Amino acid sequence: MLKIIQIESPAQVEELFSSFDPQKQSWVVSDLRTKLEMQKLLIERQGFFLESAVLRASDLWKLLLKRLKPNIRIISKDFARSLVRSFIAEHSEVFGINVTSEKSLFNYMTQLAPLALVPGSDERLARWFEEHPEVSIRWQSWYLIAKTALRWMITEKKVIIPDWIPSYLQEVDGLESVWQQELFVDLASEISNVEAEVFQRLAHGQDITIIEPHPKWRDEFRYLLQPYEYLRQQTKSISRLTLSKDIKSPYQASRLSGMLAEVKMTCSEVRGWLDKGVRPS
């Protein structure tokens, strides 16, 4: 079952984590720093932590792939590029590409993986290309080449890079039953549309609670939180955790147009301090 809890401030995560049961649940975060902080809290609380208690999203995808497709190896991007060179050498005449296209093809494979690896994408994209002929001239051939290269690497060579795993998991049978613990997903703005779809599928076989950022400024940056719009359509359980009191930060941040503006502002601030008698040291 998929559930969503909307929070107004990151400080509310601590309140949710205080009732987290690491013996029966797993907490999913976006980066290593947050993972280490969560593990430190568990050590302070109970003296130890299980490896599955706090996971980065990338850790979770690798575990799921290992359980579902143990014969597929996860490789580095450098090794993947060398395989792309081999693919081009084998198919250069068919697709009309050469070794100079290696970098472009690898980038297209990564960018188009969410489309190329999802079941039934060809039919939908064919219709879209028909409706946008000016785009199809440039992109349709690259999409077909990238999809063929992805299938060649995953199906024939049995290898994959971490960036492609969430896209590949969309089509793997048995995903709904492969994870046995309840998941709390705290990815903030780092969640992608593909990851949202994978979590939605996992929720068919396990309870998953999505922690959705719901700040006052959300309408100004809707593109950052777009995957949550999809998840809200897939669940009937949405609750909101309200702030018990206003949390005011002692810091202020300035949003500037670029590096030059940052340098000018920094120089202006330093000049102001010097004029007030602050020593340069």
Hey, any hits in the stretch 45-58 for a residue that's open to solvent by less than 40 Å² (accessible area, probe 1.4 Å), over 20 Å from LYS158 (Cα atoms) and of a type in the set (Ser, Thr, Tyr)? yes
Which residues, taken from the stretch 91-119, are open to solvent by 50 Å² or more (accessible area, probe 1.4 Å) and either of a type in the set (Lys, Arg) or more than 16 Å from ARG81 (Cα to Cα) (or both)? GLU93, VAL94, PHE95, GLY96, LYS103, LEU115, PRO119
Condition first: of a type in the set (Asp, Glu) and modelled with pLDDT of 80 or more. Now tell me which residues in the stretch 220-257 satisfy that. GLU220, GLU229
Could you check, for the stretch 184-198, whether at least one of its residues is polar (S, T, N, Q), over 12 Å from the mean Cα position of the chain (by Cα), more than 19 Å from MET38 (Cβ to Cβ) and open to solvent by 30 Å² or more (accessible area, probe 1.4 Å)? no
Output the qualifying pairs, or none if there are none: Cβ atoms under 6 angstrom, residues six or more apart or on different chains, first residue in the stretch 157-183 and hydroxyl-bearing (Ser, Thr, Tyr), second residue in a loop (DSSP other than H, G, I, E, B) and crowded, with 18+ Cβ neighbours inside 10 Å. SER167/LEU117; TYR168/LEU117
Residue ID - nearest to ILE97 (Cα to Cα), chosen from residues in the stretch 129-138 that are open to solvent by 80 Å² or more (accessible area, probe 1.4 Å) and of a type outside the set (Lys, Arg): ILE137
Scope the stretch 253-270; condition within 25 Å of SER9 (Cβ to Cβ) and either surrounded by 10 or more Cβ atoms within 10 Å (Cβ to Cβ) or over 28 Å from the mean Cα position of the chain (by Cα) (or both); matching residues: LEU256
Residue in the stretch 139-158 that is modelled with pLDDT of 80 or more, open to solvent by 70 Å² or more (accessible area, probe 1.4 Å) and in contact with a Lys or Arg (Cβ under 7 Å, 6 or more places away or on another chain) present: yes
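The values are calculated or read from the model by the stated rules, or taken from the named source; none is laboratory data. Note that the structure is predicted; figures quoted are calculated from it, not measured. Cβ: placed from backbone, ideal geometry, glycine included. Neighbour counts: every protein chain shown. When the accessible area is computed, the model is the full protein with side chains, heavy atoms only, and any ligands, DNA or RNA have been set aside. Shrake-Rupley method; radii C 1.70, N 1.55, O 1.52, S 1.80 Å.
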